[in-house]
Amino acid sequence: MIKNICCIGAGFVGGPTMTVFADRCPHLNVTVVDINEKKINLWNSNNLDNLPIFEPGLAEIIRRTRNINLFFSTNIEEAIKQADIVFISVNTPIKTSGIGAGEASDLKWVESSARTIAEFAEGHTIVVEKSTLPVRTAQVIKEILDNNQINKKNINKVNTFSILSNPEFLAEGTALNDLENPDRVLIGGSDELSINALKDLYLNWVPIEKIITTSLWSSELSKLTANAFLAQRISSINSITAVCEVTGGNIKQVSKAVGLDSRIGDKFLNPGPGFGGSCFKKDILNLVYLCKYFNLPVVANYWDQVIKLNEWQKERIYKKIVEKLFGNLSEKRILILGFAFKANTNDTRESAAIQISKDLLNEGASLVFYDPKVTKKQILDDLYQIDEIKKNSFSKNISFSNDVYNAAKGSDAIIILTEWAEFKRIDWAMISTLMRSPSWIFDTRDIVNDNDIKKTSLNYWKLGNAQLD
Ligand code: UDX
Ligand code: UDX
């Protein structure tokens with residue numbers, strides 16, 4: 001009988017996932033641990049506005065579970081000791097140096113988590129991969145756990161481990177709904193008892209037919225494939241935005257017509273400035289690396305193209321802005337609306353806003369940023385990325401505002417990069433009186449109502465749309 005579960009990594013995945021486990025399984029004790037003390041303090045903060053991540057509905061569930069059966073702690077050893085199941089939910093960024101740099105995932109934190117589990121676990125422990133990982137990482141974890149048993153000083157105390165893969169499919173911004181009503185729960189492994197133990201936890205709220213079991217490798221590969229397919233749809237529709245702009249097509253109409261084919265479906269066909277988030281790029285790069293490793297260059301190139309198209313989309317948007325502003329951005333003030341990689345999250349990892357803003361800054365533009373949830377510090381960290389030279393040259397051209405109308409004053413252009421609901425309510429007639437003419441609105445998320453803008457003197461460019469060009 002599973003009583004205690006522990007999750008290593010209190011991030012965008014570990015935090016919400018364990019909160020839902022605690023909420024749906026009141027008989028369980030759930031402890032989320034992290035090496036980052038500051039983050040744990042924020043998770044424990046009395047003021048729920050201070051949680052380290054913003055996710056709609058999360059604070060409510062934390063309020064009813066925290067310190068009842070949900071605990072956030074830095075005492076990793078104790079939590080592992082007590083745990084019947086340990087979830088590994090640490091980050092796995094792309095390696096920046098060495099073999100596989102720029103493509104393979106850096107598994108150093110997964111490895112160190114496995115070593116810590118090997119050292120402190122007691123009795124039989126089920127170790128669950130929650131992080132998205134390259135295929136066959138479970139083997140690495142298994143070898144570490146098995147070898148540490150051999151090295152243990154106290155050979156009388158033999159501990160046993162089972163390894164399962166249980167990928168997360170939650171999307172930020174809708175994480176709680178995705179966790180509470182999942183399309184499917186995937187459990188990969190070979191040890192029936194452990195699979196059933198984890199399955200029993202999910203059965204507290206997930207219908208049995210939605211829980212599927214596979215081999216470890218199929219589970220790991222399914223996660224990469226699902227993300228690659230989702231990203232591929234976005235690159236596909238984004239490629240057509242460019243075709244619409246030159247042919248006079250309308251991407252919304254095309255997307256609707258295509259999506260109504262039940263074989264295709266209407267989800268993930270929204271055009272945008274390029275996909276961001278911590279997973280899509282990383283997972284495709286992992287897939288590409290895997291294919292190259294196993295000598296499948298045609299497959300590797302096929303998936304690599306999805307990323308290339310994504311980079312191209314950001315570049316062509318930036319170039320379009322420069323072109324419309326007479327090829328010169330110096331002395332021009334541009335308001336960037338939205339910095340998160342999508343609405344309803346404060347996460348900026350791989351956000352299209354980062355590259356587009358950097359390119360505009362390199363052209364000499366002065367940028368004013370407004371995002372309802374992303375902090376000023378986060379935006380600066382993303383723009384400078386420990387690059388002191390950039391910091392010196394950019395800093396005088398960066399400012400922040402928490403009021404769209406104030407920020408619009410004297411601006412030459414406004415660029416909408418994240419689809420925050422509040423941007424849909426902007427009074428464009430009012431904005432047109434505040435900006436410097438000729439003033440431009442660049443809409444990459446189809447936020448602005450065409451009729452509203454037509455009544456103003458604003459120039460309007462909408463992604464995938466030639467009509468108002
Ligand atoms: C997740 C997944 O786990 C990753 O595989 C996926 O591809 C992206 O999403 P996420 O929860 O979004 O990661 O990452 P993050 O918000 O950075 O949280 C990871 C946490 O793990 C951090 O708080 C970090 O401090 C913690 N950590 C890292 C540990 O506690 N121990 C470590 O050894 C390393
Ligand atoms: C994704 C997967 O959806 C999720 O299953 C996985 O577990 C983690 O990675 P996430 O990155 O949080 O989730 O958000 P998602 O909604 O998939 O959006 C990713 C990016 O694609 C965002 O930048 C978003 O703006 C963009 N996007 C999404 C589009 O441009 N168009 C769309 O139609 C959908």
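The values are calculated or read from the model by the stated rules, or taken from the named source; none is laboratory data. Computed from a prediction, not measured in an experiment: that's the story for all the values here. Neighbour counts are summed over all protein chains in view; Cβ atoms, including those assigned to glycine, are modelled from backbone coordinates with ideal geometry. To get the accessible areas, we keep the full protein, side chains included, count just its heavy atoms, and leave off ligands, DNA and RNA. Shrake-Rupley method; radii C 1.70, N 1.55, O 1.52, S 1.80 Å.
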With every protein chain in place, the accessible area of Val246 for a 1.4 Å probe, in Å² rounded to the nearest 10, comes to 130
What the Cα atoms of the range 314-469 span along the principal axes, largest first and in whole Å, is 44, 33, 28
Output for the range 59-194 (equivalent-ellipsoid semi-axes, sqrt of 5λ from the C-alpha gyration tensor, Å, descending) is 25, 22, 15
Residues whose built amide H sits under 5 Å from the amide H of Ile441, excluding neighbours closer than 5 in sequence, are Ile414, Asn459, Tyr460, Trp461
Filtered hits (aspartates and glutamates, Cα-Cα < 16 Å from Lys256, offset >= 8 within chain) -> Asp266, Asp446
Bounding extents of the range 251-396 in its principal axis frame from Cα atoms, largest first in Å, are 49, 40, 31
In whole percent, the fraction of accessible protein surface over the range 317-359 that belongs to carbon or sulfur atoms, probe radius 1.4 Å, stands at 43
For Lys281, counting only aspartates and glutamates whose alpha-carbon sits under 18 Å away and dropping same-chain residues fewer than eight positions off, the answer is Glu103, Asp106, Glu168, Glu172, Glu220, Asp304, Glu311, Glu315, Asp347, Glu350, Asp382
Long-range amide H partners of Asp446, meaning residues 5 or more apart or on another chain whose placed amide H is closer than 5 Å, are Leu463
Taking a probe of 1.4 Å and leaving out DNA, RNA and ligands, the range 393-434 shows per residue an accessible area in Å² of 46
Note on the range 10-148, DSSP bridge orientation, antiparallel percent to nearest 5 equals 10
From most to least accessible, 1.4 Å probe, no ligand or DNA/RNA atoms counted, Cys7, Cys279 line up as Cys279, Cys7
Probe 1.4 Å, heavy atoms of protein chains only: per residue, the accessible area of the range 85-129 in Å² is 40
Semi-axes a, b, c in Å (a largest) for the range 202-292, each sqrt of 5 times a Cα gyration tensor eigenvalue, come to 30, 19, 11
Hull surface over four for the Cα convex hull of the range 350-441, reported in nm², is 6.0
Cα extents of the range 225-273 along the principal axes, largest first, in whole Å, come to 33, 23, 12
Probe 1.4 Å, heavy atoms of protein chains only: per residue, the accessible area of the range 191-316 in Å² is 51
Whole-Hz Karplus couplings 3J(HN,Hα) for the range 68-73, θ = phi - 60° and coefficients 6.51, -1.76, 1.60, Gly and Pro as x, run 9, 9, 10, 10, 10, 8
Checked against a 32 Å limit on the C-alpha separation, the offending pairs among Lys38/Lys210; Lys199/Lys282; Lys308/Lys373; Lys252/Lys396; Lys3/Lys342; Lys308/Lys409 are Lys38/Lys210; Lys252/Lys396; Lys3/Lys342; Lys308/Lys409
Here the range 363-368 yields Karplus 3J(HN,Hα) values (6.51, -1.76, 1.60; θ = phi - 60°; whole Hz; Gly and Pro given as x) of 7, x, 5, 9, 10, 10
Computed Rg/Rh for the chain (Cα atoms; Rh = Kirkwood radius) stands at 1.00
For the range 244-293, listing trypsin sites (Lys or Arg not before Pro) in a DSSP loop whose Cβ sees at most 10 other Cβ atoms within 10 Å gives Arg263, Lys267
